[in-house]
Every structure is written in structure tokens, then in C-alpha cells.
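A short worksheet on the structure shown next.
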Amino acid sequence: MIIVTKAHISADALDRIIEHVESTGMRAHVSRGEHRTIVGCIGEDAKLSELALTQLEGVERVIPVLKPYKLASRDFSAGSTAIRFGDPADTVIGGRDIVVIAGPCSVEGRDMLHETARAVQSAGARMLRGGAYKPRSSPYAFQGMGEAGLELLAEVRAETGMPIVTEVMDPRQVELVASYADVLQIGARNMQNFALLTEVGKVQRPVLLKRGLSATITELLMAAEYIMAQGNGDVMLCERGIRTYETATRNTMDIAAIPVLKRETHLPVIVDPSHAGGRADLVAPLAMAAVAAGCDGLIIEVHPEPTKALSDGEQSLLPSAFAAMMQQIHAVALAVGRSVATDAGLVTRSVS
Ligand code: PEP
Ligand code: MN
């Protein structure tokens with residue numbers, strides 16, 4: 001059930017609505033917008049009488065919710081969620097500007113991380129990606145540098161000021177990874193690792209939640225709900241391609257997922273064209289398509305020497321190709337009334 005309050009409701013009347021909801025054993029989730037306040041009721045709906053609610057002072061409307069996700073639902077929020085990063089916190093994901101996160105698939109060493117970070121930053125990326133713990137299909141493949149990789153990421157953040165996005169794979173590592181990372185990435189293979197989702201829900205770190213290889217959009221939203229139900233509302237959803245019968249691409253990028261998610265949820269939507277296409281030459285076209293379809297951010301794999309990469313070299317862009325892609329997505333962003341957030345104005349910002 002969602003309670004939409006009247007404009008300018010008094011604090012007392014709002015308190016009484018919350019008390020009433022909580023007296024039935026449900027949880028009241030308050031979302032304050034510029035024009036209206038919404039009280040979302042979480043728990044067993046049957047215990048609340050719609051009629052009794054409409055009679056409370058300050059209630060304008062009561063809307064039953066049939067969707068399984070609540071906190072993630074657009075209906076539960078008075079506005080879109082925007083998440084701030086950096087020190088000063090001037091990078092915003094979920095606003096008008098599209099934010100680009102870029103970096104290697106895996107952290108492989110100091111020099112390559114440093115070189116990649118500098119290159120992507122000067123081309124306009126605002127955040128640095130890099131896995132220290134890698135989910136690999138083969139147990140014999142490079143598994144990541146572990147904590148040493150996290151330390152390198154923190155070092156490069158100190159030098160460049162770029163917030164870092166890195167994957168956490170195990171509930172036992174959440175505290176450690178969160179002590180280094182600005183964003184905790186949950187990989188596609190872990191989208192329904194409910195113990196991990198619960199654990200990242202308990203820390204105050206934004207989460208980049210990647211869609212599972214064969215997950216529906218509803219399942220993705222339910223995974224976000226797991227995190228949010230623990231109190232962490234800063235979740236970004238990531239479309240990274242799904243498994244279909246097509247073999248020409250590594251995965252199939254579900255473009256329609258972008259407008260569907262924007263309709264269904266207030267959470268920011270990020271697109272990963274690197275893992276979707278699986279080939280460097282597909283990254284820029286897919287990135288442009290994602291921007292045109294309304295994403296809030298992109299996450300892109302870049303490597304100074306893709307042929308020598310320890311993971312995902314075939315889909316990693318050279319820094320020069322990344323810089324060219326930034327120009328292309330800027331043009332598309334302008335065409336759809338958005339702009340690309342950049343640091344030093346290296347990609348000319350739009351004004352409208
Ligand atoms: C990655 O970002 O390198 C990664 C492993 O992504 P995904 O979980 O989407 O496969
Ligand atoms: Mn990768």
C-alpha cells in the first residue's frame with residue numbers, strides 16, 4: 001500500500017499516519033519530495049484497511065501495490081534517486097549528467113592501473129573501475145590480486161581523486177572491500193546470492209548491482225529490494241547483457257531493459273556495453289545506444305595493452321578508442337537532452 005499525503009501536510013499528521021501503519025506491524029517508509037510526501041507500507045498489506053487510511057488527516061490517496069518490489073519501485077519514491085560521489089561530492093549518478101566509469105577488468109599491477117586511470121580521466125571518465133576479486137569461469141584463470149589490488153585502487157584514488165568501483169564476491173569480504181571501495185560491485189553471477197545482498201545492504205556504501213546472466217528485470221529489482229530492505233538505499237542497477245541463443249556477441253544487450261527500469265524504479269540505471277558485446281569494436285555502438293535509450297551511466301573496460309590483459313582483453317578498449325567513444329556518446333547525449341559529466345571540460349559540456 002502507498003499513502004500519498006496532501007501537499008503541506010503537518011509533521012503531526014504525518015507522525016499519526018506513520019504510527020497507524022506501524023501499529024499494524026507494518027514498516028512505514030517515508031519519501032519526501034518537493035511537492036508530495038509518500039508513505040510506503042512494507043509488510044503484510046492485508047492488515048491495513050484502505051478505508052481507515054483514507055480517513056486519516058493529511059491523506060490524499062491510498063494506492064494498493066501489486067508489484068513484488070516496494071522500496072525499489074518508482075511508486076514508493078517521491079523522486080529519482082541520485083547518488084553523490086567523491087570529495088568534494090561533485091559526481092552525481094542519477095541526475096541529468098551521464099557518468100562514465102572506466103578502467104581495467106582486473107587490477108593487474110600499479111603501473112597499468114595508474115596509466116589506465118590517468119588516460120580514462122583525461123578522456124572524461126569520472127570513476128575508476130577495476131576488479132581485485134574476480135569471478136572466473138575457470139578455477140585456473142587469474143582470480144585477481146585480492147587485498148593488494150584494493151590497496152592499489154586506493155592509491156590511485158588518492159592520486160587522481162577518482163572514486164573507485166570494485167567487486168565483492170563473498171559476504172565475508174564485504175567489510176574489507178567496503179573499507180577501500182566507494183562503490184561495491186555485485187557481479188552478474190552473484191545477483192541472487194542473497195547472503196551477499198543482505199550483507200552489502202548493511203553497509204553504508206553504494207552498490208552497483210549487475211543483472212544476472214539469465215535474470216528477468218523483476219528478478220533484478222527483487223535483488224535490489226534485498227539490499228534496500230537492509231537499509232542501504234543507494235543501489236545502481238546495471239544492464240550488462242543476458243544469455244540468449246545468439247553467439248555473435250558475448251551476451252545480448254537488452255536495450256529495452258533501460259526504459260523499462262526507468263519506468264519501474266527510481267534507482268539509477270548503468271549500462272555495461274563491454275560485457276554485453278564482448279568485443280572492443282561493439283563497445284562504442286552499444287554505449288551510444290544505451291545513452292540514447294536513457295541510461296544514467298556507463299561502465300567500460302579499458303586496458304593500455306588489451307592483448308596482454310589477464311581478463312577480458314578482447315572487449316577492452318585502448319585509451320585512444322575510449323577517448324573517441326567519449327566524443328561519440330557526448331553527441332548522442334546532446335541529442336536526447338542530456339550531457340556527459342566530465343572533469344576538466346575535456347569533452348565539451350552541453351548547455352541547454
Ligand atoms: C566485470 O565487471 O568484470 C564482471 C565480471 O562483470 P559481470 O559480473 O557483469 O560478468
Ligand atoms: Mn570483465
- [ ] In debye, nearest 20, what is the charge dipole magnitude of the chain about its Cα centre with +1 on Lys and Arg Cβ and -1 on Asp and Glu Cβ, if you could check?
- [x] 560 debye
TODO: Can you tell me the FRET efficiency between Ala7 and Arg96 if r is taken as the Cβ-Cβ distance and R0 is 30 Å, rounded to the nearest 0.05?
DONE: 0.75
Task: Surrounding net charge for Lys210, when Lys and Arg each add one and Asp and Glu each subtract one, Cβ distance under 10 Å - done: 0
TODO: Taking the Cβ of Ala7 as the centre, find all other residues whose Cβ is under 9 Å away and add up their charges (Lys, Arg: +1; Asp, Glu: -1).
DONE: +1
Open item on the list: Considering only C-alpha atoms, what is the centroid distance from the range 74-120 to the range 46-70, in Å?
Closed with: 37 Å
Open item on the list: Let me spell out the model: positive unit charges on the Cβ of Lys and Arg, negative unit charges on the Cβ of Asp and Glu, origin at the Cα centre of the range 1-73. What dipole size does that give, in debye rounded to 20?
Closed with: 260 debye
Task: Cross-link reach list, lysines versus Lys67, counting only Cα pairs under 16 Å and skipping chain neighbours closer than eight places - done: Lys262
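For the range 1-159, give me the percentage of DSSP beta bridges that are antiparallel, rounded to the nearest 5 percent.
In the range 1-159, DSSP labels about 85 percent of beta bridges as antiparallel.
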Task: Proximal aspartates and glutamates to Lys6, defined as alpha-carbon separation beneath 15 angstrom and excluding residues fewer than eight positions away on the same chain - done: Asp15, Glu34, Glu57, Glu60
Open item on the list: Of all beta bridges DSSP finds with both residues in the range 83-348, what is the antiparallel percent, to the nearest 5?
Closed with: 10 percent
Task: Longest DSSP-loop-exposure-free segment, chymotrypsin sites (Phe, Trp or Tyr not before Pro), the chain, at most 13 other Cβ within 10 Å - done: 1-139
- [ ] Considering the options Ile258, Gly233, His35, tell which one lies farthest towards the positive end of the dipole of the chain, charges being +1 on Lys and Arg and -1 on Asp and Glu at the Cβ, about the Cα centre.
- [x] Ile258
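Readers should treat all values here as calculations from the given coordinates under stated rules, not as data from a laboratory. Please read these numbers as outputs of a predicted model, since none were measured by experiment. All Cβ positions, even for glycine, are placed from backbone atoms using ideal geometry, and neighbour counts span all protein chains on display.
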